[in-house]
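The values are calculated or read from the model by the stated rules, or taken from the named source; none is laboratory data. All of these numbers come straight from a predicted model, not from anything done at the bench. A quick note on method: Cβ atoms are made from the backbone with ideal geometry, for glycine too, and the neighbour counts reach across all protein chains shown.
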Amino acid sequence: WYNGGAYDKKRLVLLNADIAMKWDFEEYVDETGHIYCKVSDEAKHHDGKNPRKVPDCPRAYQTYNIVEEYAEDYDSFLDDLENCMMQMYTTGYREGFDGSYLNYYGDDPATY
């Protein structure tokens, strides 16, 4: 999944995991792992070929609206991401008296 030419330095490249947050292509994967549904009708997204006969990928109903919300409000995405990252970085640690994080299994300072 990419937008732009093969040698475009500013090309946006997405993994199947990125696309799966918005589109449910589980029923459209062949035995080699190629996906044969589309998320766009623009020929440039299909190597210049006519995409009209390619089936549309259905929405990923559990996450589609979340992706759309974050696409419209990047600050909200960054705020939520910051909270999530802090929670992941500090899991297994407790806050010490000086405001630093200490390992739950001793009094050694946390290393990040």
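Looking at this structure, is Tyr70 under 21 Å from Asp24 (Cα atoms), among the aromatic types (Phe, Trp, Tyr) and free of Cβ contacts under 8 Å to residues at least 24 places away in the same chain? Explain how you work it out, then say what you get.
Values: under 21 Å from Asp24 (Cα atoms): yes; among the aromatic types (Phe, Trp, Tyr): yes; free of Cβ contacts under 8 Å to residues at least 24 places away in the same chain: yes.
Answer is yes for this residue.
Here are some residues: Tyr105, Tyr112. Which one is assigned to a loop (DSSP other than H, G, I, E, B), modelled with pLDDT under 65 and either touching a helix residue (DSSP H, G or I) at 6+ places or on another chain (Cβ under 9 Å) or surrounded by 12 or more Cβ atoms within 10 Å (Cβ to Cβ) (or both)?
Working: Tyr105 fails: either touching a helix residue (DSSP H, G or I) at 6+ places or on another chain (Cβ under 9 Å) or surrounded by 12 or more Cβ atoms within 10 Å (Cβ to Cβ) (or both).
On inspection, the qualifying residue turns out to be Tyr112.
For the condition among the hydroxyl-bearing types (Ser, Thr, Tyr) and part of a helix (DSSP H, G or I), what is the one hit in Ser40, Ser76? Spell out the reasoning first.
Numbers: Ser40 fails: part of a helix (DSSP H, G or I).
Within the list Ser40, Ser76, the selection yields Ser76.
How many residues, within the stretch 12-29, are free of Cβ contacts under 8 Å to residues at least 12 places away in the same chain and of a type in the set (Val, Ile, Thr)?
Result for the stretch 12-29: 1.
What's the number of the only condition in (1) at pLDDT 90 or above; (2) touching a Lys or Arg at 6+ places or on another chain (Cβ under 8 Å) that Val54 fails to meet?
(1)
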